[in-house]
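Enquirer: Just passing along the structure, written as structure tokens.
Since every read-out is calculated from the coordinates, none of them should be taken as a lab result. These figures come from a predicted structure and were not determined experimentally. Here the Cβ positions follow ideal geometry from the backbone for every residue, glycine too, while neighbour counts run over all protein chains shown.
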Ligand code: IPM
Ligand code: MG
């Protein structure tokens, strides 16, 4: 039986994870679910956002389902204080999750929920492939009272393996996003991606990140796969989320070596402002569960069934507050379960 480690984390995390586990149990007979504290909750309990025990449990699972981490309680500029986000970064590094996949596909029923005009976003179906264990996130950091540095490093090997993922996922083209007019890491990135592209039958184009940010709202349907480094991918995927109407809709999969456990989580955060009220949108959590079914357990049929159930519930009028409606988390979960 597959074993899933769940990490509810902080804020709205526990309340959106609970119905997702219900869906998982309904779709996968006998699935074993093991929950662990993580993020701010783990700082409170153990003084660190990710304990060795939890990392080991994740390594031993078939897949990890994570809700969200962070909150004002643990926000600090003190460089020595533990931060919830360190748990997420530690998990990504510890599990070797170098490939972050963030599909952006507006649901037909939500075309008018996006702040962008319907005619701009109609037909959008893109995938952000974000490098997740390198770049400025993981380079050396220094700090004195008056200055600070964050080093951005990429190796040929790191760029090659993420570019391979992007070409493997592309149907029409790969758009590689960098800042090669300024950054040395970007010039290496561009060179290596160009080499990987040779011998593939998918065309490659290069965009500078500032231009990509503009094109993403001007012509989102023009993109297929956006391949980019860690920090640019972080920023562009939040921007792309608004094409779907709400960041509460966007799932993600973080994958490492073939056969190793992947991590599945919504792109949104822990939304401390609405935590504990039972009004959070659980749909990105459900769609992340669908990605877990597809990429983590190889259950394509169940993944599609869950994605269709989300579409159908929205079609039938389901709207949480972030989508301009009044449905609670529990009502949203019931609507999806009914459609399943
Ligand atoms: C994300 C988040 C994380 C990131 C934070 C919470 C560390 O914004 O997954 O996009 O920057 O990668
Ligand atoms: Mg982010």
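Enquirer: Please tell me the relative contact order of region 115-244 in percent, rounded to the nearest whole number, where contacts are Cα pairs under 8 Å and at least six residues apart.
Expert: Relative CO of region 115-244 lands at 39 percent.
Enquirer: Here is a further query. Out of the DSSP beta bridges found with both residues in region 109-219, what percent are antiparallel (nearest 5)?
Expert: The answer is about 40 percent antiparallel.
Enquirer: What fraction of the DSSP beta bridges in the chain is antiparallel, stated in percent and rounded to the nearest 5?
Expert: So the antiparallel bridges in the chain amount to around 40 percent.
Enquirer: With n ≥ 4 as the cut-off for DSSP H runs, can you work out [θ] at 222 nm for the chain, using -39500 (n - 2.57) per run divided by the number of residues, rounded to the nearest 500?
Expert: Only helices count here, giving -11500 deg cm²/dmol.
Enquirer: Moving to a separate point now. With labels modelled as points extended 7 Å from the Cα through the Cβ direction, what inter-label distance (nm, one decimal) is found for residue 148 paired with residue 52?
Expert: So the two model labels end up 3.0 nm from each other.
Enquirer: Follow-up question, since we're still on this one. Give the separation of the Cα centroids, region 114-138 to region 3-70, in Å.
Expert: If you average the Cα positions of each part, the centres end up 26 Å apart.
Enquirer: Using the per-residue mean of other Cβ atoms lying within 10 Å as a proxy for protection, in what order, highest first, do the peptides 78-84, 285-291, 299-305 fall?
Expert: In descending order of packing, they fall as 285-291, 299-305, 78-84.
Enquirer: Using alpha-carbon pairs under 8 Å, 6+ residues apart, how would you state the relative contact order of region 207-340 in percent?
Expert: Reported relative contact order: 19 percent.
Enquirer: Relative contact order for the chain: what percent, with Cα pairs under 8 Å and sequence separation of 6 or more?
Expert: 21 percent
Enquirer: While we're on this one: Checking the a/c ratio against 1.5 first, then a/b against b/c, what shape does the Cα gyration tensor give for region 115-244?
Expert: Oblate shape, in that a/c is at least 1.5 and b/c is the bigger or equal ratio.
Enquirer: I'd like to compare 61-73, 160-172: which one has the highest average count of other Cβ atoms within 10 Å, and what's the full order after that?
Expert: 61-73, 160-172
Enquirer: Classify region 178-230: rounded, prolate or oblate, from the alpha-carbon gyration tensor (a ≥ b ≥ c, eigenvalue square roots; a/c under 1.5 rounded; otherwise prolate if a/b is larger than b/c)?
Expert: oblate
Enquirer: Here is a follow-up. Please compute the Kirkwood hydrodynamic radius of the chain from all pairs of different C-alpha atoms, in Å with one decimal.
Expert: 20.4 Å
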